[in-house]
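Below is one structure, written out as C-alpha cells; comments come after it.
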Amino acid sequence: MLKHISFFLILLLSSLYSCKNTKKTEPIIAPIEDSIIIEPILEYGLPIDSFLITKSKVKRNQFLSNILSEYGVSYRTIDKLAREYKDIFDVRRIKVGNPYAIFQTKDSLPKIVYFIYEKSQSEYVVYDFRDDVEIYTGLKPIRSEIKTAHGVVNSSLWNAMTDKGYNPMLSIEL
C-alpha cells in the first residue's frame, strides 16, 4: 500500500509541477500595415491580366465562323450561337471594320474563353465559352467633354479654325 501512496504522491506532484510551469500563451497579433490593394484593370468587365488577348477588326468577307474557327471553336458551336441567340445578337449584322477581342487562357495550349464583338463605340456583345456557351451584351463607359474655341473670322471660318489650331472639320459642323 505504501507503494501505491508513493506512486500517487509522485503523480500528484508531477501534475502540479506541470500545471505550474505551463503558461498561457496569448496569440501574437502582428500589426497590419497599410496595405495597398491593387484593383484589377478591367476591359469589357473582365480582368485583362488573367488572359491572352488578341484584338483585331472584322475584315471584308469575314464572318463569325471564320473568326471563331481559327481559335478552335467547332462549326457546330458556331451554328448554335447563330441560331439560339439571334434575339440577343444576329451574327449576320457583323460589320466590316468593327473591332473584336479574343480572350484566351494563359496555358501552354491557349483555349478561347471569351469573344467580344463591338457593335458600336458604346455597345458590345460577349460570347462566353467557359462551361456552356452564353451570350450577353454590355455597355462601355462613356465620358463626354465640353470644349470651347474662340477666334476672329477675317476671311473664312475654315481659315480661322486652322489658324488657331482647331480641327477645321468643326467649321463644317457649325
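The values are calculated or read from the model by the stated rules, or taken from the named source; none is laboratory data. Because the structure is a prediction, the values reported are computed rather than measured. Here the Cβ positions follow ideal geometry from the backbone for every residue, glycine too, while neighbour counts run over all protein chains shown. For accessibility, only protein heavy atoms count, side chains too; no ligands or nucleic acids. Shrake-Rupley method; radii C 1.70, N 1.55, O 1.52, S 1.80 Å.
Within the stretch 35-62, being of a type in the set (S, T, N, Q) and either in contact (Cβ under 8 Å) with a residue 40 or more places away in the chain or closer than 13 Å to Ala101 by Cα (or both) holds for Ser50, Thr54, Ser56.
Of all residues in the stretch 37-53, count the ones that are open to solvent by less than 70 Å² (accessible area, probe 1.4 Å), under 16 Å from Asp107 (Cβ atoms) and acidic (Asp, Glu). Number satisfying all stated conditions: 0. Only one entry of Ile102, Ile146, Ile135, Ile94 meets the criterion of being among the β-branched types (Val, Ile, Thr) and within 30 Å of Met161 (Cα to Cα), and that entry is Ile146.
Applying the criterion of being farther than 17 Å from Leu81 by Cβ and aliphatic (A, V, I, L, M) to the residues of the stretch 93-110, the residue that is farthest from the chain's Cα centre (by Cα) is Val96. Taken together, the residues in the stretch 140-157 that are farther than 30 Å from Ser120 by Cα and at pLDDT 80 or above amount to 6.
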